[in-house]
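Participant: What follows is a single structure, and I will ask about it in a moment.
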Amino acid sequence: MPKSFTEAQRHRVIGFVLILSAICAALWLAWFFNQPDTGKKKGTMLLMRLVVGPLQVNCFIVADEKTKEAVVIDPGDDAADILKLIKEKDLKVKYIVNTHGHFDHIGANKAVKEATGAEILIHEADAPLMAKAAQQSSAFGMRAVSSPPADRFVKDGDVITAGEIALKVVHTPGHSQGGISLLEQGVAFTGDSLFAGSIGRTDFPGGDLKTLLRSIKKNLMTLPDDTKVFSGHGPASTIGDEREENPFLNKESGFE
Ligand SMILES: [Zn+2]
Ligand SMILES: [Zn+2]
C-alpha cells in the first residue's frame, strides 16, 4: 500500500504536473508555428518522368495523388507514351506547361491537348519561338513539329494549380527569352536553364549568357541546397550539388 500524501505533498505534485504541462504546450506551439506550412497538410505530389524524342527531352508529369489532377511539363515528343501513362494512372490533365518554346519541348503539345483538353501555358516572350517550331526542327534536320498557340501566357510569380499542387512560375531567361522554371515542394523544374553539371546553350536566337547566369543566380541559386533539380535534359541533381560542382556556377568560376 502506498503511503498517503500529505496536503503539502499533493500540492507540490499538482504544481509540478501543471508546470510540466505548460512547458509541453509551449514546446508544441513553438514547433507548430515553425512549420513551413501552417495550413492544412499538402497532398502528395506524384512525379513521373519520360524521356522523349531524338533530343532526349525530360517530360515530367506531376499529379495530385488525391484528385488525380495533373500538369504535363514539356511534352516534347512521343505523345503515345505520354498518353498511355496518363491513362494508366487515370490522370486528369489540366495544363501543358512548356518551360520554353524550343521544338524539342513542345512537339507533343497538340496530341496531348487534343486527347485531354488541357490548356497550353507558356511565357509570352517564347510564343514567337513556339510558332516557329517547324523551322527550328528542320534546321536540326528533324521531322517538322508544330504546336497550337498557347491558351494562356504565364509570367514570373504566377502559380499553376492542379488539386493541391501549386507550381510557382519563375522567369529564367537566357537560354531563350521566355524560359521559365517551376517550383513546388522542394523541387525545381528548370527546363534548359540549369542542368546537372551544366547550363543551357546561349547561342540560339534570343539566348544570352549574362542573362542566363543572372537568372540562375537570382531565381535558382537562392533555393535551399536540398532542392531537387529536374532539368529539360539529362539526370536530376540538387541545388547544393550545382552550387558546389557546376563549373559555370561554383566559386572558381567567379559566379558569386
Ligand atoms: Zn531549349
Ligand atoms: Zn531542350
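Coordinate-derived values only; no laboratory data. All of these numbers come straight from a predicted model, not from anything done at the bench. Here the Cβ is made from the backbone with ideal geometry for all residues, glycine too, and neighbour counts use every protein chain on show.
Participant: Starting from the coordinates of the alpha-carbon atoms of the range 134-183, obtain the Kirkwood hydrodynamic radius over all distinct pairs and give the value in Å to one decimal. The partial results should precede the final answer.
Facilitator: On the way: mean 1/r = 0.0765 Å⁻¹.
Over the range 134-183, the inverse of the mean reciprocal pair distance is 13.1 Å.
Participant: Which order do peptides 130-141, 85-96 fall in by mean Cβ count within 10 Å, highest first? Can you show the working numbers first?
Facilitator: Working: 130-141: 15.6, 85-96: 18.2.
With the highest mean Cβ count within 10 Å placed first, the list reads 85-96, 130-141.
Participant: Counting helices only, and only those DSSP H runs with n ≥ 4, report the 222 nm mean residue ellipticity of the chain as the sum of -39,500 (n - 2.57) divided by its residues, in deg cm²/dmol to the nearest 500.
Facilitator: The per-residue figure over the chain is -8500 deg cm²/dmol.
Participant: If packing is taken as the mean number of other Cβ atoms within 10 Å per residue, what is the order of 46-55, 177-186, highest first? Write down the numbers at each step before the final one.
Facilitator: On the way: 46-55: 17.3, 177-186: 22.7.
Result, highest mean first: 177-186, 46-55.
Participant: Rounding to the nearest 20 debye, state how big the charge dipole of the chain is about its Cα centre with +1 on each Lys and Arg Cβ and -1 on each Asp and Glu Cβ.
Facilitator: 840 debye
Participant: Quick one: angle between helix 7-34 and the longest Cα principal axis of the chain, in degrees between 0 and 90, rounded to 10, please.
Facilitator: The helix 7-34 is inclined about 10 degrees to the chain.
Participant: A further question on this structure: So, in nm, how far is label LEU18 from label THR67 when the simple model puts each one 7 Å beyond its Cα toward the Cβ?
Facilitator: 4.8 nm
Participant: Here's another thing I want to ask about it. Over 29 Å between Cα atoms, which of LYS94/LYS251; LYS92/LYS228; LYS113/LYS210; LYS89/LYS218 qualify?
Facilitator: Beyond 29 Å: LYS94/LYS251; LYS113/LYS210; LYS89/LYS218.
Participant: Also, quick follow-up: Starting from the Kirkwood Rh over alpha-carbon pairs, what translational D in µm² s⁻¹ does the chain have by Stokes-Einstein at 4 °C and 1.567 mPa s?
Facilitator: Working: Rh = 20.2 Å.
Answer from the Stokes-Einstein relation: 64 µm²/s.
Participant: Okay, moving on. Give, in nm to one decimal, the length gained when the segment between ARG10 and ALA166 is fully stretched (0.36 nm per residue of separation minus the Cα-Cα distance).
Facilitator: Numbers: separation 156, 0.36 × 156 = 56.16 nm, distance 5.44 nm.
Residue separation times 0.36 nm, minus the Cα-Cα distance, leaves 50.7 nm.
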